Each structure stands twice: as structure tokens, then as C-alpha cells.
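Here's the structure we're looking at; comments come further down.
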Amino acid sequence: MLDLRDWRPDLGDHGKLHVRFGKGSRKRGPKPRVVPGINAVDDLMGWWLTDVRHQFGDDWRNPDAPLLPSERRDPHTGLCGRVTDNPLRQGLARAVQPWLPDWDGRLTPHVLRHFCASSFYLNGMDLKAIQETLGHEWLSTTTRYIHVRSDHVKSAWASSNDRVSARLLNGRK
């Protein structure tokens with residue numbers, strides 16, 4: 001349910017996406033949020049909007065037009081319809097088969113949410129920021145999304161000790 005107006009390249013370092021109809025938990029309805037762009041997604045979105053999107057129809061300048069259009073036309077307007085969940089899931093599944101055969105049948109959009117949350121955490125994003133990005137009401141839900149390697153505690157302990165040692169040594173000089 002993303003419209004062209006939902007991509008905001010003017011916000012943040014890499015743009016932001018206004019998710020107006022994010023899935024709410026326990027059938028509470030949509031959960032809107034603004035999600036920061038990462039990893040040069042602004043370049044990808046710029047390419048999509050300038051080189052590709054206009055090929056789907058004449059509505060590419062209309063801010064209310066779908067950001068991810070379907071090849072099918074809306075019978076009432078003649079403009080692009082919106083791509084739905086199933087084609088996106090099927091496209092992901094087709095891409096997984098040749099490129100990630102060990103994940104065939106197991107890699108879903110929800111698994112990608114868990115991967116993103118874990119990646120954010122392992123790269124230093126704090127839990128509260130991850131919670132807001134995922135749109136979770138409770139921090140406990142966010143912690144269930146984060147999966148860390150078995151050596152995570154040992155690495156965190158060593159890193160913490162290194163920081164304390166550095167502070168003590170710098171304080172003595």
C-alpha cells in the first residue's frame with residue numbers, strides 16, 4: 001500500500017519511507033511509522049523512480065500512484081494497480097531458488113524482518129531504535145526478533161573489558 005509520496009528522499013541520510021499501513025499486531029489495524037533508508041537505498045530508489053517506474057504507466061508523476069505497481073491495470077481508472085503480497089512473496093521465492101538453494105521454501109518476508117533486526121543490532125543500533133523501525137509496541141517483542149551468534153556474549157564481554165581498560169589507562173596518563 002505504498003504510494004510514490006511515501007518515499008521521502010529529503011529526510012535523513014538515505015531517505016525515509018512512510019509506512020502508513022504497517023501490520024499491527026493482534027488485529028489492531030495498521031501501524032504507521034517512518035522507516036529510515038539504509039545502505040544507499042536512496043540510489044536504488046532514485047534509479048527505480050527515474051529509470052523504471054514510468055514504464056508502468058502515465059501515473060508516475062501522481063504522488064498517489066502506487067510505488068510498487070502491478071503490470072495489471074485498474075479496470076476503473078486504466079492506471080496501474082497495486083502489486084499485492086502474493087506476487088512479492090512468489091518473486092522472493094523464485095529469487096531464492098537459484099541464488100540461495102539452502103533457503104528454498106524457508107526465506108520469507110518475515111524471516112527478512114528478523115534478519116534486518118539482527119543485523120541492525122550486531123552493527124550497533126540500539127534496541128529502542130530497532131523497536132521503532134520495526135513498529136513494535138513492546139521492547140520484549142523486538143528482543144525476540146534479534147538472533148545473535150553463539151559467541152556474542154563472549155565477544156561483548158571482551159569488548160566491554162577493552163573499553164574499560166582503555167579508559168583506565170588513558171586516565172592514568
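A few comments on the model shown:
- Of all residues in region 67-105 being under 14 Å from MET1 (Cβ atoms) and of a type in the set (A, V, I, L, M), the one that is surrounded by the fewest Cβ atoms within 10 Å (Cβ to Cβ): LEU88
- Set ASP6, ASP64: member being exposed (fewer than 12 other Cβ atoms within 10 Å of the Cβ) and either in the same structural domain as MET125 (by TED's automatic domain parsing) or in contact (Cβ under 8 Å) with a residue 12 or more places away in the chain (or both): ASP64
- Answer residue from region 53-78, given it is assigned to a loop (DSSP other than H, G, I, E, B) and polar (S, T, N, Q) and is farthest from HIS18 (Cα to Cα) among those: THR77
- Summed over region 13-52, residues that are of a type in the set (Val, Ile, Thr), assigned to a helix (DSSP H, G or I) and surrounded by 13 or more Cβ atoms within 10 Å (Cβ to Cβ) total 1.
The values are calculated or read from the model by the stated rules, or taken from the named source; none is laboratory data. Just so it is clear, the model here is predicted, and its values are computed rather than measured. Here Cβ is always computed from backbone atoms with ideal geometry, including for glycine, and neighbour counts include all displayed protein chains.
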